[in-house]
Structures are given as structure tokens and as C-alpha cells.
Amino acid sequence: MTGSRNPDYLMGEGVNQSSEIQELETPEGELHLCFYTPSGEEFALPAIGIREALFQSPEGITPIPNVSPLLLGTLNARGRVIWVADLGQFLGEPTVLNTDRSELHVIAIEEQEIMLGLAIDRVIGMAWLSPEELKLAKNIPDNMAPFIRGEWVLSGEEGERRLRLLDQVAILRSARWAM
């Protein structure tokens, strides 16, 4: 059948449409990538600010001398050099990222042609989160506060947990990279 379409196929003939139609739920809120840092803190980044999520071999990150100790080095992603930082250390967490494993999780964030890879402990997944439910973050260390937009208080089987929303623009433009 070159160049023609079967109209019966498009209309779904032969299928009992009334019993087979399922309601598609419209997601509410905005899409976010949720993840953990090495200390076990749970964070989210807006999907719109994420260029890509990478699984990178530690050997694929080239250490660069005489740069901020927060930077692990650079990696090459399809011909583009991306600086990679330990997000937990950047936020002032005491636990250092374990780089002695087969793959590192790296979230490449981008804003106005500036890209940075944030090495994290592990990705949880994508979630639709409502901006209206975002609350002022509580009990945040002073060195982390400039990079937190707020938090969601979520209930689950383990009880209540806090999911903190990071500000990727503040992270990218931070003076901490000049250390």
C-alpha cells in the first residue's frame, strides 16, 4: 500500500470503542526530576532546566588541576565539554559522592548557553509537582539556602518527607565555582 491509508484502521473498526476507551489523566503541576544526594537528601529540579540525565563512567570524567574542589572534572557528551560538580559538596553536605562505582548519575543543567553537570547519588524519577503546594523550606543550612526555592511536604508509606526544589540558575551563577 504505497501512499494510501486504510481508513478502517484509523477509525478503529472492529474494536468496541465504547468499552475500550480509557480516560487519560491530565497531569497537574510541572514536571520535575527527583533525585538523592549522597547524604540521603531528596531534591528536585524543573525538567525545563535540564538538558539531559547521563550515566557516566567515573573514568570518563577528566580531572582538571587548579580548579574549585567542588568540580570533579569534565566529560565529553556528544562533542560538548561539560564541567561536572559534586552537587552534595556544592550544597555543603558532609557526605562526599562515592566515585568508586561503575556509573555516576550526572544531571546536565543549562541556562543561556551555560551548562553544568551535577553528580548525584541516584535518580528517583520524574514527577508532576504542583507549584501551588510548594512551601517555604524549613531548617535549611545557611550555605544551602540560596539554592533552594522551597519544598514539598510529601506523605508516603515511610511517613512524611521533604522534597526540596533547587534553583538551577542560582547554582549555575554561584560565586562558589571561583574558589
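The values are calculated or read from the model by the stated rules, or taken from the named source; none is laboratory data. The structure presented is a predicted model; accordingly, all values stated were derived computationally and were not measured. Note: ideal-geometry Cβ built from the backbone for every residue, glycine included; neighbour counts use all protein chains shown.
Restricting the first member to segment 145-172 and to residues that are in contact (Cβ under 8 Å) with a residue 12 or more places away in the chain, and the second to residues that are among the β-branched types (Val, Ile, Thr) and part of a helix (DSSP H, G or I), the beta-carbon pairs closer than 6 Å and six or more apart or on different chains are PHE147/ILE171. Residues of segment 50-97 that are more than 16 Å from the chain's Cα centre (by Cα), surrounded by 12 or more Cβ atoms within 10 Å (Cβ to Cβ) and charged (D, E, K, R): GLU93 alone.
Taken over segment 163-179, the criterion of being under 12 Å from PHE43 (Cα atoms) and not basic (Lys, Arg) is satisfied by LEU163, LEU165, LEU166, ASP167, GLN168. Could you say whether any residue in segment 102-111 is of a type outside the set (A, V, I, L, M), surrounded by fewer than 17 Cβ atoms within 10 Å (Cβ to Cβ), modelled with pLDDT under 90 and in a loop (DSSP other than H, G, I, E, B)? Checked segment 102-111: no residue is of a type outside the set (A, V, I, L, M), surrounded by fewer than 17 Cβ atoms within 10 Å (Cβ to Cβ), modelled with pLDDT under 90 and in a loop (DSSP other than H, G, I, E, B).
Out of segment 163-179, which residues are modelled with pLDDT of 90 or more and touching a strand residue (DSSP E or B) at 6+ places or on another chain (Cβ under 9 Å)? Passing the criteria: LEU163, ARG164, LEU165, LEU166, ASP167, GLN168, VAL169, ALA170, ILE171, LEU172, ARG173.
In this structure, GLY73 does satisfy being over 21 Å from VAL169 (Cβ atoms) and either touching a His at 6+ places or on another chain (Cβ under 7 Å) or of a type outside the set (S, T, N, Q) (or both).
Checked against the criterion of being in contact with a Leu (Cβ under 8 Å, 6 or more places away or on another chain), surrounded by 13 or more Cβ atoms within 10 Å (Cβ to Cβ) and part of a helix (DSSP H, G or I), the candidates ARG149, ARG162, ARG176 yield just one match: ARG176.
Restricting attention to segment 53-79, the residues that are of a type outside the set (Ser, Thr, Tyr), farther than 28 Å from ILE140 by Cβ and in contact with a strand residue (DSSP E or B) (Cβ under 7 Å, 6 or more places away or on another chain) add up to 10.
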